[in-house]
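This report refers to the structure that appears directly beneath it.
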Amino acid sequence: GLASLILAYIIMGHNGVVTSLKRLVPHVSDMPWALLILVAGFGCSAVALKSFGATVPQFADAFGFAGGLLVGHFALQILIVSVGEELGWRGWLLPRLLERSSRLRATLIVGGVWGLWHAPLLFSGLSTTILLFCSTIGLSFLFTWIWSHRSERLFLVVLTHATVNTPLFFWEDLAKQQGWDTG
């Protein structure tokens, strides 16, 4: 994110930075979509955990002792990870690529670069690395679609990114703490 703001400043000056940051500001018309993204994202997580044997009482207990942690984790995902990455990927890189190539090619490149950004996961094993790389390609198409259909604004993309990341880090640890059988 910081690199994208520096590049925006070098290429377009102060206005480039302001324009980049303004893309993060939500519009009123984004709010119904934001609610849908939150419900769908966290609903899919709950369904996935349920399919691995988590029970409704376990969910209630989890929210009872870790609900505030979930909200805090989600907020940090938005403020630190998602804003930073999306300023870079769809705030800076994608628009530059679209100046020279098709949306398909630009989206694939962003997804590939985004996957390489997570290269330290190579230490987690080949299957984890392949899964994450395929996920970044797939999510790149979803995020590009959201970005392009919301007038190249980043708010909903940032929210979606955080909604994808939060379960990956929060629920997995919570499931282990609770002794849920996640395979």
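The values are calculated or read from the model by the stated rules, or taken from the named source; none is laboratory data. Since the structure is predicted, the reported quantities are computational estimates derived from the model, not experimental observations. Every residue, glycine as well, gets a Cβ built from its backbone with ideal geometry; the counts of neighbours run over all protein chains shown. Ligands, DNA and RNA are stripped out before the accessible areas are found, and what is left, the full protein with its side chains, is counted by its heavy atoms. Shrake-Rupley method; radii C 1.70, N 1.55, O 1.52, S 1.80 Å.
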Query - Cα long-axis angle, helix 126-149 against the chain (0 to 90 degrees, to the nearest 10) - result: 60
Report summary line: Computed for segment 46-137: size of charge dipole around the Cα centre, +1 on C-beta of each Lys and Arg, -1 on C-beta of each Asp and Glu, debye to nearest 20, value 360
Query raised in the report: Cα centroids of segment 113-159 and segment 57-92: how far apart, whole angstrom?
Result: 16
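Taking a temperature of 20 °C and a viscosity of 1.002 mPa s, what whole-number D in µm²/s does Stokes-Einstein yield for segment 1-72 with Rh from Kirkwood over alpha carbon pairs?
In µm²/s, the coefficient is 137.
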Query raised in the report: Which value in Å does the Kirkwood hydrodynamic radius of segment 29-121 take, with 1/r averaged over all unlike C-alpha pairs and then inverted?
Result: 16.2
**Report entry** Reported label for calculated volume of the Cα convex hull per residue in Å³ given [x] 186; [y] 128; [z] 154
**Finding:** [y]
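If I stretch the segment between Ser148 and Arg96 completely, what's the gain in nm (0.36 nm per residue apart, minus their alpha carbon distance), one decimal? Working shown, then result.
Details: separation 52, 0.36 × 52 = 18.72 nm, distance 1.39 nm.
17.3 nm is the gain from fully extending Ser148 to Arg96.
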Report summary line: Expected max-MSF residue from Gly112, Gly68, Gly125 in the GNM of the chain (alpha carbon, under 10 Å) is Gly125
Query raised in the report: To the nearest 10 degrees, how steep is helix 103-117 against the longest Cα principal axis of the chain, on a 0 to 90 scale?
Result: 60
Query - In Hz, Karplus ³J(HN,Hα) per residue of segment 16-29 (6.51, -1.76, 1.60; θ = phi - 60°; x = Gly, Pro) - result: x, 5, 4, 4, 4, 5, 5, 5, 7, 6, x, 9, 4, 5
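Could you check how much of the accessible area of the chain is carbon and sulfur, as a whole percent, using a 1.4 Å probe?
Values: 7500 of 10330 Å².
On the chain, the fraction of accessible area on carbon and sulfur atoms equals 73 percent.
How many Å² of accessible area per residue for the chain, probe 1.4 Å? The partial results should precede the final answer.
Details: 10330 Å² over 183 residues.
Value returned for the chain: 56 Å² of accessible area per residue.
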